[in-house]
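Colleague: Below is a structure I'd like to ask you about.
The values are calculated or read from the model by the stated rules, or taken from the named source; none is laboratory data. Values in this document were obtained by computation on a predicted structure and should not be read as measured data. FYI the Cβ positions are ideal-geometry reconstructions off the backbone, even for glycines, and counts take in every protein chain you see. To get the accessible areas, we keep the full protein, side chains included, count just its heavy atoms, and leave off ligands, DNA and RNA. Shrake-Rupley method; radii C 1.70, N 1.55, O 1.52, S 1.80 Å.
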Amino acid sequence: MTTISFDNALGIHDDALRLRSQRSEVLANNLANADTPGYKARDVDFQAALQQAQGQQEGMTMAASDAAHMSADGAGGGSPELMYRNPIQPSIDGNTVDTQTEMSKYMRNSMEFQASFQFLNSSIKGLKDALAGQ
């Protein structure tokens, strides 16, 4: 009898949900600070963060050759690296948030979150059906 590997059964969708949720927070923060002087819009490189999460899940870890080296434990399990967005047209007060761009990115991220959630939900339903013998 073989065992079920949840990592194989669920694929990348659990990592994608976590990263999409974190990206939603970043984009919502940008929108909340649209009128804050000097605020710099931030974003997450979703593809790079997902590849990093998948690499760590598959056992790719950094090795330290000396006991004094810093540990990289949990580097991908936390927050993805935040980058600054290059403004199309920054405002005079130094704020780089473009409300329309942020709304568009937020809505697209929400739709992609929903798609990943549906894939994950159907995978879990399939596992439940398999365990029930259906």
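Colleague: Suppose we filter 107, 103 for residues that are in contact (Cβ under 8 Å) with a residue 12 or more places away in the chain, in a helix (DSSP H, G or I) and closer than 18 Å to residue 29 by Cα; which single one remains?
Modeller: On the way: 107 fails: in contact (Cβ under 8 Å) with a residue 12 or more places away in the chain.
Residue meeting the stated conditions: 103.
Colleague: Moving on to the next point. State whether the residues of segment 77-98 include one that is open to solvent by 90 Å² or more (accessible area, probe 1.4 Å), hydroxyl-bearing (Ser, Thr, Tyr) and modelled with pLDDT under 85.
Modeller: Yes - at least one qualifying residue is present in segment 77-98.
Colleague: Something else now. Please tell me if residue 17 is at pLDDT below 75 and touching a helix residue (DSSP H, G or I) at 6+ places or on another chain (Cβ under 6 Å).
Modeller: So residue 17 does not fit the description; no.
Colleague: Something else: Filter segment 110-134 down to residues that are of a type in the set (Ser, Thr, Tyr) and in contact (Cβ under 8 Å) with a residue 12 or more places away in the chain and give me whichever is nearest to residue 17 (Cα to Cα).
Modeller: So, considering only residues that are of a type in the set (Ser, Thr, Tyr) and in contact (Cβ under 8 Å) with a residue 12 or more places away in the chain, the one nearest to residue 17 (Cα to Cα) is 116.
Colleague: Oh, and also: Being more than 14 Å from residue 41 (Cβ to Cβ), modelled with pLDDT of 95 or more and open to solvent by less than 90 Å² (accessible area, probe 1.4 Å) is true for just one of 123, 116, 104, 110. Which residue is that? Reasoning before the result, please.
Modeller: Numbers: 123 fails: modelled with pLDDT of 95 or more; 116 fails: modelled with pLDDT of 95 or more; 104 fails: more than 14 Å from residue 41 (Cβ to Cβ).
None of the other options fit; the residue is 110.
Colleague: Could you count how many residues in segment 23-60 are part of a helix (DSSP H, G or I), open to solvent by less than 40 Å² (accessible area, probe 1.4 Å) and modelled with pLDDT of 85 or more?
Modeller: Pass one, segment 23-60, residues part of a helix (DSSP H, G or I): 23-32, 46-57.
Checking which are open to solvent by less than 40 Å² (accessible area, probe 1.4 Å) leaves us with 23-24, 26-27, 30, 46, 49-50, 53-55.
Still in the running and modelled with pLDDT of 85 or more: 23-24, 26-27, 30.
The qualifying residues number 5.
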